[in-house]
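J.: Encoded as structure tokens, here's the structure I'll be asking about.
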Amino acid sequence: MGKKMKIAVMNGMQDISIEEREIPEIKHNEVLIRIKSIGICGSDLHYYAEGKIGDVAVETPFVLGHEVAGEIAAVGDGVDGLVIGDLVAVEAGIPCGECEFCLAGRYNICKDMNFLASPPVDGIFSEYASYPAKWVFKLPVGMRSVEGALVEPLAVGMHAAEIGEAALGETAFIFGCGCIGLLTLLALKSRGVSQVYMCDVIPSRIAKAYELGATKVFNAAEEEIVKEFMKITGGRGADSVYEMTGTQKALGQTVEVIRKGGIIVLVGIGTETVMSFNFGDLIWKEVQIRTCFRYKNIYPKAINAISSGTIDVSKVVSYTAKLDEVPEALHYHIEHKADITKMVVEM
């Protein structure tokens, strides 16, 4: 029998237990990581609270967690560039490397992707994990593990900003001030976008968006977003718009706040499976609709942006918990969603 580690196991909807399993053995080209920080993603909460996201259902027992940073504890044969003691961030998806999308450099839409905490692939709510070294990135000296864990969601925000072709001096609008919306805000500002407008219905998230530098944040429950925003911009609208909520109302409003010739980027996945645009306005404005799924080839850039001080992801964190506290912490997150911007499990 090998050495044991603690692991948080989902046994059913809103049912998590802390168990013991053997520390995994590493194979050729793999490393063993002693986990230090794990971010809790919205997908983790959906699987925990509802047992599924859309048509993707959890078959228990299942392990959540894919926003991961830790310390190299052992190095397998064939691994170069990583040594015991290195602090690292883990890219959550392992693509096949052989399908047409991988070969075209678009591995985020790989036909045979193994993505952590995406059924049936277990995540890493555990003290240790083995992982292919190719998808493990060394963090610079001075960078903290909590920042390493937030590389994953920041990569989504950076990918969205790239898809939206956000540029210096432009104006952007973000629907939703959750974690990904806030990190997209930071990504846009790092690209020199001069004015970033946002909206939400949760006061604490609105306050956090202001803290992180949003130009103006509308309360969607109290204000006429479209009317007020278009008045501010003199009827021009935003150069790029980012939809994070996955709701029909917000989706419809993206068409109203985008400028002629602008780009709408859809990021949020909601519970509604069928939604619609005002296609007349889309055509009249010659607007491009683009979608954003995870990220690709961004981890090194995200790490550099954090380590250089260009983007401060730590300000997004509002709640921390220990591994032993994960069952209570996830329940607390569900019950107090309005009060939590980002929860991180610290080992």
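The values are calculated or read from the model by the stated rules, or taken from the named source; none is laboratory data. Everything numeric in this text was worked out from a predicted model, so none of it was measured. Note that each Cβ is placed from the backbone with ideal geometry, even for glycine, and that neighbours are counted across all protein chains shown.
J.: What is the residue count in the range 219-246 for residues that are part of a loop (DSSP other than H, G, I, E, B) and either in contact (Cβ under 8 Å) with a residue 60 or more places away in the chain or farther than 18 Å from L182 by Cβ (or both)?
T.: 11
J.: Now for a different question. Based on this model, can you work out whether V265 counts as over 24 Å from the mean Cα position of the chain (by Cα) and touching a residue at least 12 places away in the same chain (Cβ under 8 Å)?
T.: no
J.: Right, something else. Hey, does the range 321-340 have a residue that's under 16 Å from the mean Cα position of the chain (by Cα), within 30 Å of K134 (Cβ to Cβ), not in a helix (DSSP H, G or I) and not acidic (D, E)?
T.: Scanning the range 321-340 turns up no residue that is under 16 Å from the mean Cα position of the chain (by Cα), within 30 Å of K134 (Cβ to Cβ), not in a helix (DSSP H, G or I) and not acidic (D, E).
J.: Testing E147 on (1) buried (at least 22 other Cβ atoms within 10 Å of the Cβ); (2) of a type in the set (D, E, K, R); (3) touching a strand residue (DSSP E or B) at 6+ places or on another chain (Cβ under 6 Å), one condition comes back false. Which one is that?
T.: All conditions pass for E147, except number (3).
J.: Would you pick out the residues in the range 70-98 that are in a loop (DSSP other than H, G, I, E, B) and within 15 Å of F293 (Cβ to Cβ)?
T.: Hits for the range 70-98 are E91, A92, P95.
J.: Being within 25 Å of V274 (Cβ to Cβ) and in contact with a helix residue (DSSP H, G or I) (Cβ under 8 Å, 6 or more places away or on another chain) is the filter here, so list the residues in the range 42-99 that pass it.
T.: G42, L45, A49, K52, I53, V58
J.: Scan the range 283-312 for residues that are touching an Asp or Glu at 6+ places or on another chain (Cβ under 7 Å) and either in the same structural domain as I163 (by TED's automatic domain parsing) or among the aromatic types (F, W, Y) (or both) and jot them down.
T.: Once the filter is applied, which keeps residues that are touching an Asp or Glu at 6+ places or on another chain (Cβ under 7 Å) and either in the same structural domain as I163 (by TED's automatic domain parsing) or among the aromatic types (F, W, Y) (or both), the range 283-312 yields only Y299.
Matching residues to (1) on the phi < 0 side of the Ramachandran plot; (2) in a helix (DSSP H, G or I):
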position	(1), (2)
I180	yes, yes
L185	yes, yes
G192	no, no
R205	yes, yes
A214	yes, no
V217	yes, no
